[in-house]
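Structure record follows, encoded as structure tokens.
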Amino acid sequence: MVARPLTADRHFRVAALTAHRDVEGLAAAALETSAEFAVIADPSLYGELKGRLQGSGVEAAAGPDALVEAAQRPADCVVAAIVGVAGLRPTLAAVRTGCRVAIANKESLVCAGRLMIDAARASGAVLLPIDSEHNAIFQVLQQKARVSQLILTASGGPFRDTPLDQMRAATVEQACDHPNWKMGPKISIDSATMMNKGLELIEAAYLFDTSEDRIDIVIHPQSIVHSLVAYDDGSVLAQLGMPDMRTPISYALAYPHRMALPGVARLDLARLGQLDFSVPDPARFPAIGQSRAACAAGGKACIALNAANEEAVAAFRDKRIGLLGITEVTGAVLEDTLRASGGGEPDSFDHMFELDAAARRGALRCISRLN
Ligand code: MG
């Protein structure tokens, strides 16, 4: 989504909206918001989109180049929420315009962190995370030179306290049953293995320009403290609130202001009574150690870890491997990648896509061995 601010009754003017294949949802949203431009990623749906927008004044387009065009439209804020590596080119295009880019796509930073950060430096774009943990850090980050540690909180997912032998037998339904957030299956399974937190550690390292050893991960089952920043004077600043994505999304859209959200439940600490914190068990959640190793090695290893994880999660959803097989696959692919290429960053987007494809092939070989 590409938004320009507006005053009075409406907060934003929508310059462009995009969707992958949900042409009905896209057309409805474009009409409701009076968007100037609507893009469907799947070119075979162009005719249907054009038909649905007939006579509305909303311009219709389709295909990957049109996604990039949407991202480059003049705007104050572009929300990068396209899932997967498909989101990288449009996100980079938005970053290069120098506008504020609200990032909801993990791959932008996990796979192309260095490219995005360098492009933002060159254009003056502000990268503003929508992911709740990074959004929390963004909100309380000040005097970067005085930061001693970033502290990411993790709910621990549905298997926070589940013994290893029971995790081995976990079903897809159990893995998707997240205690605090209603999310899609991929990110829910990533929460169950805690790979989600590992990928978030990589995101934080790029976004806040720090090394993995200065990022702590702490389990906090209530998901009330969304993350914290520790300073070298002993102060720790945190952002708290009920788990509701409308808060970080509105913060990113309204930045540098805040907008009222009357529909969001208020935090009542006395009623909650207690907030718990603990350390994740490295034996049950090897994804965190793998992510640290990838982060320390650089972008090439992060790309491999992410690609292997996507293939392994797909295999788990198809019942080709068990839950614990996911991190067996990611661990094996990461080890191979580090052995073959060492560390460092990809030279270009094309290089990144090559590394992604190679890691997927390695993951598929590993999956068939486990199967
Ligand atoms: Mg998150």
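Observations on the model:
- The chain - percent of accessible surface contributed by carbon and sulfur, probe 1.4 Å: 52 percent
- Cα convex hull of segment 232-356, projected area averaged across orientations, nm²: 13.0 nm²
- Mean residue ellipticity (222 nm) of the chain, computed from DSSP H runs ≥ 4 via -39,500 (n - 2.57), nearest 500: -14500 deg cm²/dmol
- With 0.36 nm allotted per residue and the present C-alpha distance subtracted, the M245-D42 stretch has 70.3 nm of extension available.
- Other residues lying with their Cβ under 12 Å from the Cβ of G87 contribute a combined charge of +1, Lys and Arg counting +1, Asp and Glu -1.
- Taken per residue, the accessible surface of the chain reaches 45 Å², heavy atoms only and a 1.4 Å probe.
- Shape category assigned to segment 1-103 from the gyration tensor of Cα positions, a/c cut at 1.5: oblate
- Under the convention that each Lys and Arg Cβ holds +1 and each Asp and Glu Cβ holds -1, the size of the dipole of segment 133-370 around its Cα centre is about 440 debye.
- The charge dipole of segment 34-152, taken about its Cα centre with unit charges on the Cβ atoms of Lys, Arg (+1), Asp and Glu (-1) only, comes to about 440 debye.
- All Cα pairs of the chain, percent lying beyond 41 Å: 11 percent
- Förster-model FRET efficiency, 22 Å R0, A296 and A145, C-beta, rounded to 0.05: 0.50
- Of the peptides 322-329, 334-341, the ranking by mean beta-carbon count within 10 Å, highest at the top, reads 322-329, 334-341.
- Distances between placed amide hydrogens fall under 5 Å for L128 paired with V101, A102, I103, all partners being 5 or more residues away or on another chain.
- Furthest towards positive pole of dipole, V140, T162, I215, structure part the chain, Cβ charges: V140
- Neighbourhood net charge (14 Å Cβ-Cβ; Lys/Arg +1, Asp/Glu -1) for S341: -4
- Formal net charge of residues neighbouring G113 (Cβ-Cβ distance under 9 Å; K, R +1; D, E -1): -1
- Listed residues Q174, Q72, Q222, most fluctuating in the chain (Gaussian network, C-alpha, under 10 Å): Q174
- If only the Cβ of Lys and Arg carry +1 and only the Cβ of Asp and Glu carry -1, the dipole of segment 207-335 around its Cα centre is close to 480 debye.
- For the peptides 55-64, 199-208, the ranking by packing is 199-208, 55-64, with the highest mean count of neighbouring Cβ atoms within 10 Å listed first.
- Members of K144/K300; K144/K182; K186/K300; K182/K300; K186/K319 lying beyond 25 Å, as alpha-carbon distances in this model show: K144/K300; K144/K182; K182/K300
The values are calculated or read from the model by the stated rules, or taken from the named source; none is laboratory data. Note that the structure is a prediction, hence the values are computed from the model and not measured. Virtual Cβ from ideal backbone geometry, glycine too; neighbours counted across all protein chains shown. Note: accessible area is taken over every heavy atom of the protein model, side chains too, but ligands, DNA and RNA are not part of it. Shrake-Rupley method; radii C 1.70, N 1.55, O 1.52, S 1.80 Å.
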